[in-house]
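First comes the structure, then the notes that go with it.
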Amino acid sequence: MDLFPQHPEPIVQIPQRVRFARVAIERGLDLMGGLTYQTDDDTVIGQRVVVPVGRGNTPTDGLVIDIGDQELLDGFDPRKVKPITKRYDIVLPESLIELGKWMAEYYMCPLGMVFGSIIPGAVKAQTGLRTQKLVQLGTVQPDDELIKSLTPKARDAWAKIQELDAEAFPVLPRLLAARIEHKTTASIKRLIEAGLVDEIEVQRIIAPKGFDLLDAGDSGTHNLTPDQNNAVIGISKSFGKFQPHLLHGVTGSGKTEVYIKLIEQVLERGQQAIVLVPEIALTPQTAGRLVKCFEKIGVAVLHSGLSRSARNQQWAAAASGEARVVVGARSAVFAPVKNTGLIIVDEEHDGSYKQDQLPRYNARNAAVKRGQVEGCPVVLGSATPSLESWANARAGRYALWSLPKRVNQGEMPSVKIVNMAIDEERVKIRESQGGLRGDHTIGRTLGAELVRAIESNGQVILLLNRRGFASVIVSTDKKCGWKLECDQCDSTMVVHRGCVRQQGGRRFVRCHHCLSEQVIPKQCPMTGKPVIELGVGIQRVEDEITQRFGERLGLKLGENFERVDADTMNSAKDYFDVLDRFASGELKLLLGTQMIAKGLDFPNVSLVGVLSADTALYLPDFRAEERTFQLVSQVAGRAGRGTKQGKVIVQTLNPGSAAITRAAKHDFVGFANDELNTRRLSGLPPATRMVRIVIRDEQNNVAHQRALELAELLRADGDQRITVVGPMPCSITRIANRYRWAIEMSCASPKPMQVAMMHLREKGLLKSDSAVAIDVDPIWLM
Ligand code: ADP
Ligand code: ZN
């Protein structure tokens with residue numbers, strides 16, 4: 001008997017090393033550091049995973065933001081740490097993890113939610129991903145026996161396949177059959193059975209081909225002007241390191257050309273480039289030119305007009321590196337590019353870079369941050385830079401490059417300011433037309449120029465930045481003062497005219513905040529008197545043009561004249577079509593909202609008319625002047641881009657406003673420096689940094705009380721450098737039945753405010769959700 005019981009030899013197992021991962025959970029929880037899970041060596045930072053959350057171990061999506069050993073446990077018992085349950089194939093580059101962490105902190109948004117929104121829904125769902133069976137040349141060396149055993153058809157196929165280039169494979173069987181001129185794939189199936197060709201499975205994202213970006217017309221590259229050259233050389237010196245640049249170039253100075261040259265250079269360095277443009281449907285020309293230039297080497301386009309499968313496909317192309325250049329709107333700042341060498345933000349002043357829902361980020365600022373993370377230059381370009389960027393350039397934080405002249409000796413258009421308050425300008429409406437009275441919107445001067453431009457075969461752009469038919473419905477009884485307001489919002493209803501085909505051209509009212517609609521009341525509910533519609537919207541101008549100029553100039557809506565606004569343009573395609581027709585000369589007149597003020601480059605535009613430069617001037621927002629300057633300058637910049645001298649007529653009731661007079665002189669620098677001074681004196685951005693917090697509730701007193709408490713907490717933090725103003729009712733006090741109170745914090749630098757908010761956030765006293773909107777660096781203060 002053995003003294004010792006026999007034990008079987010233990011099987012030596014090399015255990016998979018247990019590692020730990022921090023995972024940012026995509027839903028709900030505001031956990032800056034994420035939660036810790038067990039994993040193994042195969043998980044990588046940036047990978048999308050499923051993890052169990054809470055007592056019920058609810059499977060929840062998340063993103064791995066850190067991987068390490070025991071140090072990630074913070075003393076937690078490793079046996080209690082649950083494992084990651086599933087790994088997806090989606091992996092974000094590490095630079096985006098860092099950018100996301102910054103976003104969560106800077107913009108006060110739950111970390112998981114930031115990552116949740118960085119990855120498009122279509123990518124998460126892998127929309128359009130299909131498994132395809134392709135055929136490839138086999139590795140079997142065929143002997144004569146084998147060949148002889150084939151059917152004659154298969155033998156023929158085999159002979160023809162051997163003639164094909166290796167590059168033709170792998171290929172869909174159906175396409176291969178077509179190439180070897182076989183009607184069916186039967187012969188190819190035989191070859192597979194015989195092992196002469198192999199069948200492989202690949203995953204591909206299949207997306208229907210979308211519409212083409214507007215044919216940009218000009219796709220050739222040019223010899224740079226000395227100013228362009230100077231900017232290209234200067235900016236390219238910073239390749240390989242972080243440096244923000246502001247490219248201030250007047251309209252038509254060839255900024256796009258500068259971008260193209262810089263991108264070419266960065267591609268030569270073996271890197272990729274990201275170009276942001278304002279919502280792409282609005283700037284098809286810039287995007288179109290870039291796409292055309294870089295199509296051959298691979299370009300991905302990301303914007304809201306894409307189908308889900310196309311979005312997934314483009315994103316994958318950016319991630320794999322197949323696309324070397326990524327062009328897109330706001331969210332393209334999160335393009336999963338691995339080797340970013342250059343980031344460009346075109347029209348950097350544009351409001352569409354700011355997202356007005358969680359996470360409330362500004363893509364221009366996120367682009368600068370990404371440049372810092374990636375260690376690459378960032379170019380912000382505009383004819384009318386934001387005062388934020390201008391202040392940064394003046395302070396030397398951004399390098400400034402100027403293109404003060406148009407290319408090809410092009411002249412800046414001459415701008416005439418017309419005072420609509422004087423009688424000579426007014427054109428009275430002759431008989432009361434459909435309840436309208438008062439004056440027409442096109443004054444004498446502009447009317448005469450319109451006739452001249454069209455008669456001399458020029459093209460015309462008219463801008464009125466006011467949608468709908470009329471701004472408000474009021475009682476004709478002056479003493480009554482009744483006006484039609486939205487039931488759910490503290491705001492007047494706007495009169496719209498439905499489209500003739502769908503709504504019989506009938507007029508109705510719509511609230512621009514909650515989008516609710518009503519029929520127009522026949523009479524004032526207070527006095528029973530008739531009502532009238534005041535305030536001219538763009539639809540009314542459409543009628544005016546037809547009535548006053550239609551016959552005389554042969555202008556016909558839908559034929560050679562179109563209205564371009566959010567109500568007529570249902571899709572990006574509608575917009576592209578209109579621009580195409582304008583480019584071809586079929587359209588002579590475009591009447592539009594700010595949609596037509598941006599980035600368009602048509603050489604034959606000889607007249608631009610601004611029907612009212614005052615639409616933005618009275619908004620209760622400290623950026624009212626800045627916006628007015630930008631709008632007038634940008635739309636004026638559409639004129640005279642070819643050989644014809646362009647003319648611009650700006651109608652206003654404020655002919656003395658600096659925003660308007662400076663825009664008329666194309667004097668950005670003068671305007672910006674004065675405005676910067678004013679902001680400094682009144683302690684407003686960019687001289688200070690601002691955070692605006694809006695508290696909403698269905699009950700006014702509840703919202704007010706919460707706002708009071710929050711303001712108190714922020715003040716109690718006691719940092720003397722921070723000014724806390726409010727709570728005060730927002731200028732629109734109620735939207736969709738929720739009352740709104742605002743608190744405005746400002747400080748010379750953002751850090752103290754971030755610290756104060758972080759303290760509250762850690763204690764659970766401050767959280768971005770549907771009741772609390774935290775807007776860091778707000779651009780709209782309504
Ligand atoms: P911006 O974006 O500054 O308004 P664009 O980039 O649209 O200006 O350029 C205006 C026009 O001038 C375009 O049609 C462009 O092709 C042309 N252009 C740009 N650079 C040059 C150049 N160096 N020589 C000739 N034409 C140029
Ligand atoms: Zn409303």
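Just so you know, all these numbers are worked out from the coordinates, no wet-lab data involved. Since the model is a prediction, treat every value here as computed from it, not as a measurement. All Cβ positions, glycine included, derive from the backbone under ideal geometry; neighbour counts span all protein chains shown.
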For the chain, give the magnitude of the charge dipole about the Cα centre (Cβ charges: +1 Lys/Arg, -1 Asp/Glu; no others), in debye to the nearest 20. 1680 debye
Can you tell me which of 728-737, 364-373 comes out highest on packing, and rank the rest after it, using the mean Cβ neighbours within 10 Å? 364-373, 728-737
In nm, to one decimal, how far is the residue 160 label point from the residue 236 one, both placed 7 Å along Cα→Cβ? 4.9 nm
Which whole-angstrom value gives the distance between the alpha carbon centres of the range 133-178 and the range 313-364? 44 Å
So if R0 is 35 Å, what FRET efficiency would residue 571 and residue 483 give, r being the distance between their Cβ atoms, rounded to the nearest 0.05? 0.55
Two pseudo-spin positions, 7 Å from Cα along C-beta at residue 198 and at residue 653, lie apart in nanometres by 7.7 nm
Restricting to Cα pairs under 8 Å and 6 or more apart, the percent relative contact order of the range 140-214 works out to 33 percent
Between the alpha-carbon centers of the range 262-301 and the range 574-619, tell me the distance in whole angstrom. 24 Å
Cleavage-rule hits (chymotrypsin sites (Phe, Trp or Tyr not before Pro)) in the range 699-782: DSSP loop, at most 16 neighbouring Cβ within 10 angstrom: 780
Trypsin sites (Lys or Arg not before Pro) in the range 31-134 lying in a DSSP loop, each with at most 14 other Cβ atoms within 10 Å of its Cβ, come to 55
From the square roots a ≥ b ≥ c of the eigenvalues of the alpha-carbon gyration tensor of the range 308-355, which class results: rounded (a/c under 1.5), prolate (a/b over b/c), or oblate? oblate
Lysine pairs in the range 321-435 8 or more apart or on different chains: how many have alpha carbons under 25 angstrom apart? 5
Relative contact order of the range 314-386, please, whole-number percent, based on alpha carbon pairs below 8 angstrom and at least 6 residues apart. 34 percent
Tell me the label-point distance for the pair residue 490, residue 723, using the 7 Å Cα-to-Cβ offset, in nm and rounded to one decimal. 2.3 nm
Over the chain: Rg over Rh, Cα atoms, Kirkwood Rh: 1.04
Using alpha carbon centroids, what distance separates the range 639-696 and the range 723-755, in Å? 25 Å
State whether the range 673-730 is rounded, prolate or oblate according to the following rule on the C-alpha gyration tensor (a ≥ b ≥ c being the square roots of its eigenvalues): a/c under 1.5 gives rounded; otherwise a/b larger than b/c gives prolate, and the remaining case gives oblate. oblate
List the residues whose amide H sits under 5 Å from the amide H of residue 197, counting only those 5 or more places along or on another chain, with H placed 1.01 Å from N in the peptide plane. 138, 192
Okay, which of the range 179-205 sit inside 16 Å, backbone N to the point 7 Å along the Cα-Cβ direction of residue 145? 194-196
Within the chain, which cysteines find no other Cys whose Cβ is under 4.7 angstrom from their own? 109, 293, 376, 480, 499, 514, 524, 730, 747
For 423, 565, 42, order by how many other beta-carbon atoms lie within 10 Å, fewest first: 423, 42, 565
Check each of the GluC sites (Glu not before Pro) in the range 79-186 and keep only those in coil by DSSP with at most 12 other C-beta atoms within 10 angstrom; list them in order. 181
Taking H as built 1.01 Å from N, whose amide H comes closer than 5 Å to the amide H of residue 730, not counting residues under 5 places away? 740, 741, 742
Which shape class applies to the range 560-653: rounded if a/c is under 1.5, otherwise prolate when a/b exceeds b/c and oblate if not, where a ≥ b ≥ c are the square roots of the Cα gyration tensor eigenvalues? oblate
What aspartates and glutamates sit close enough to residue 647 to cross-link, taking a C-alpha to C-alpha distance under 19 Å and skipping anything fewer than 8 places away on the same chain? 411, 425, 449, 455, 601, 667
Relative contact order of the chain, defined on C-alpha pairs under 8 angstrom at six or more residues apart (%): 11 percent
Computed helical MRE - 222 nm, the chain, DSSP H runs ≥ 4 contributing -39500 (n - 2.57), nearest 500: -8500 deg cm²/dmol
Tell me, in nm to one decimal, what length is gained between residue 307 and residue 457 on full extension, where the rule is 0.36 nm per residue of separation less the Cα-Cα distance? 50.1 nm
